[in-house]
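The values are calculated or read from the model by the stated rules, or taken from the named source; none is laboratory data. Since the model is a prediction, treat every value here as computed from it, not as a measurement. Because the Cβ atoms are built from the backbone with ideal geometry, glycine has one as well, and the counts that use them run over all protein chains shown.
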């Protein structure tokens, strides 16, 4: 039996409620005004689930973006390390949208919520059919990774098999999120997937880990002024360089191969790329799929999640999810993409 309505159990399972109930419009506006920025009262909630993000209209100034961090997810040190990485990239003319700074600070608190302000930046998604767009993306990722490799993160986590695969899947099983009829199938396919993923990591052998954007997908790139602008480093972490590239590769194998060549044509102008990392493309895709289901389950006590994902945790959802995992296992059996 699933847990669509087990609010108390979900809160217990996640260790603490992630409650934004106190973050009403007046609280958002008051938080911004603690920094000496006065709002004209206009407030627009933006599309974000992990955190709460608002466009706030300002008196006699451009609107700002106010991001309120999910309670309990990151420590102050981890958030500030993300900010420091953004500033480091921006100082080297990497077009990231970095936090605004007030009196030397970028992280603030009001009414129990930690928040940061960003400048508003508009733009459109990159055109992934356009080789020029992909080459430009590759150039900036090459530069970003050169900076990211200069020193490690101290506080932010790594992307690894345990934290993105073994632990999330075990969370779902231990806490009975799956219907009993599908639990055995899920357990079996995840075991096969994790074994295949470890095999692909073994094929890649020892690879460099560096500071990454971490969640580099087309939705986190804004195209404006004929160049990409990178937003939302909330998932910045340590991992292989290919993590920031593989989400721009989709379609059939010839199409993915061509797009990979476009990306790496730009990337290698600034940084060498290790072809062994191509063994990890489908492994990283599989880890993201496993982790995504657990992410929604962990957040189910947040009222925004049942509204945004009404199909989640139904028998049909888990049947489809298991089928997708089986298809991904087949993808892991295929040879890696080739870059000439």
Inspect all residues belonging to segment 287-309 and state whether any of them is modelled with pLDDT under 95, assigned to a loop (DSSP other than H, G, I, E, B) and either on the phi > 0 side of the Ramachandran plot or touching a strand residue (DSSP E or B) at 6+ places or on another chain (Cβ under 6 Å) (or both).
no
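In this structure, is residue 66 under 29 Å from residue 303 (Cα atoms), in contact (Cβ under 8 Å) with a residue 40 or more places away in the chain and not in a strand (DSSP E or B)? Break it down stepwise before answering.
Numbers: under 29 Å from residue 303 (Cα atoms): yes; in contact (Cβ under 8 Å) with a residue 40 or more places away in the chain: yes; not in a strand (DSSP E or B): no.
The answer is no for residue 66.
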Check whether at least one residue in segment 248-257 is within 24 Å of residue 98 (Cα to Cα) and not assigned by TED's automatic domain parsing to the domain that holds residue 84, and report yes or no.
yes
Does residue 136 qualify as being modelled with pLDDT of 95 or more, closer than 30 Å to residue 268 by Cα and loosely packed, with under 15 Cβ neighbours inside 10 Å?
no
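Being under 22 Å from residue 258 (Cβ atoms), surrounded by fewer than 19 Cβ atoms within 10 Å (Cβ to Cβ) and touching a helix residue (DSSP H, G or I) at 6+ places or on another chain (Cβ under 8 Å) is true for just one of 88, 127. Which residue is that? Can you show your working first?
On the way: 88 fails: under 22 Å from residue 258 (Cβ atoms).
It is 127.
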The condition of being part of a loop (DSSP other than H, G, I, E, B) and more than 23 Å from residue 229 (Cβ to Cβ) holds, among 21, 30, only for 21
When segment 174-222 is examined, which residues are found to be without any contact (Cβ under 8 Å) to a residue 24 or more places away in the chain and closer than 22 Å to residue 312 by Cβ?
174, 183, 184, 187, 188, 215
Just a yes or no: is a residue in segment 138-154 in contact with a strand residue (DSSP E or B) (Cβ under 8 Å, 6 or more places away or on another chain), part of a loop (DSSP other than H, G, I, E, B) and closer than 30 Å to residue 324 by Cα?
no
Going through segment 35-55 one residue at a time, which ones are surrounded by 15 or more Cβ atoms within 10 Å (Cβ to Cβ), more than 20 Å from residue 219 (Cα to Cα) and touching a residue at least 40 places away in the same chain (Cβ under 8 Å)?
35, 37
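Can you tell me which of 28, 96 is more than 19 Å from the chain's Cα centre (by Cα) and either at pLDDT 90 or above or surrounded by 15 or more Cβ atoms within 10 Å (Cβ to Cβ) (or both)? Steps first, please.
Working: 96 fails: more than 19 Å from the chain's Cα centre (by Cα).
Criteria check complete, one pass: 28.
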Kindly provide the set of residues from segment 207-217 that are within 19 Å of residue 128 (Cα to Cα) and surrounded by fewer than 17 Cβ atoms within 10 Å (Cβ to Cβ), ordered by number.
217
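Take the residues in segment 82-112 that are assigned to a loop (DSSP other than H, G, I, E, B) and free of Cβ contacts under 8 Å to residues at least 24 places away in the same chain; name whichever of them is farthest from residue 27 (Cα to Cα).
Taking segment 82-112 first, the residues assigned to a loop (DSSP other than H, G, I, E, B) are 92-95, 97-101, 103-104, 106-107, 111-112.
Now drop any that are not free of Cβ contacts under 8 Å to residues at least 24 places away in the same chain, which leaves 93, 98-99, 101, 103-104.
On the way: 93: 34, 98: 23, 99: 20, 101: 20, 103: 22, 104: 23 Å.
Restricting to residues being assigned to a loop (DSSP other than H, G, I, E, B) and free of Cβ contacts under 8 Å to residues at least 24 places away in the same chain, the top hit is 93.
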